[in-house]
1. Limited to the range 25-42, what total is found for residues that are touching a residue at least 40 places away in the same chain (Cβ under 8 Å) and farther than 15 Å from GLU102 by Cβ?
2. Out of curiosity, is ALA68 over 11 Å from the mean Cα position of the chain (by Cα) and either part of a loop (DSSP other than H, G, I, E, B) or modelled with pLDDT under 95 (or both)?
3. Give HIS76, HIS81 a once-over and let me know the one that is in a strand (DSSP E or B), surrounded by 14 or more Cβ atoms within 10 Å (Cβ to Cβ) and not hydrophobic (A, V, I, L, M, F, W, C).
4. Return yes when GLU44 is part of a loop (DSSP other than H, G, I, E, B) and either among the charged types (D, E, K, R) or under 15 Å from GLN113 (Cβ atoms) (or both) and no when it is not.
5. Just to be sure before I move on: is ALA115 over 23 Å from VAL21 (Cβ atoms), out of contact with any His (no Cβ under 7 Å at 6 or more places or on another chain) and buried (at least 19 other Cβ atoms within 10 Å of the Cβ) in the structure I sent?
6. Could you tell me whether ASP22 is outside any strand (DSSP E or B), touching a residue at least 40 places away in the same chain (Cβ under 8 Å) and acidic (Asp, Glu)?
Amino acid sequence: MITQTAEQLSSKRCTACEGGVDKFSETQVREQLKALSGWELIDEGPRVRKDWKAKDFSAGMEFLNRVAELAEQEGHHPDLHLEGYRHVWIALSTHAAGGLTENDFILAAKIDQLANSARLNAWRSP
């Protein structure tokens, strides 16, 4: 596996996977994460997560709605969360593979682009 930049990932589309797709090894995941700012492993590696602080509740919901539209277009669906009226966090995993695949990193790169255009601030969870 060759580690891809965020730009390379965001230029791709998620591919359909109904099983039969190999998940990345822990080494592959850690290498690919270096190309994406702020995403971190959770649940011992089967998922990655990133947190943001929105200006207010409406901005958080608008961002999540844009992510939902993107997820539908890509056919790859993250776990979306809004807590405390402006703390947004998203977790990614490929359930059919039981871990992380290229699709998760493609979607993460595209979500980062949306967050940048929405002017959300990356925020480390407590």
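1. 3
2. It is false that ALA68 is over 11 Å from the mean Cα position of the chain (by Cα) and either part of a loop (DSSP other than H, G, I, E, B) or modelled with pLDDT under 95 (or both).
3. Testing whether each residue is in a strand (DSSP E or B), surrounded by 14 or more Cβ atoms within 10 Å (Cβ to Cβ) and not hydrophobic (A, V, I, L, M, F, W, C) leaves just HIS81.
4. So GLU44 fits the description; yes.
5. Yes; evaluated as a whole, the condition is true for this residue.
6. Spelling it out, ASP22 is indeed outside any strand (DSSP E or B), touching a residue at least 40 places away in the same chain (Cβ under 8 Å) and acidic (Asp, Glu).
The values are calculated or read from the model by the stated rules, or taken from the named source; none is laboratory data. Keep in mind it's a predicted model, so treat the numbers as computed, not measured. Neighbour counts are summed over all protein chains in view; Cβ atoms, including those assigned to glycine, are modelled from backbone coordinates with ideal geometry.
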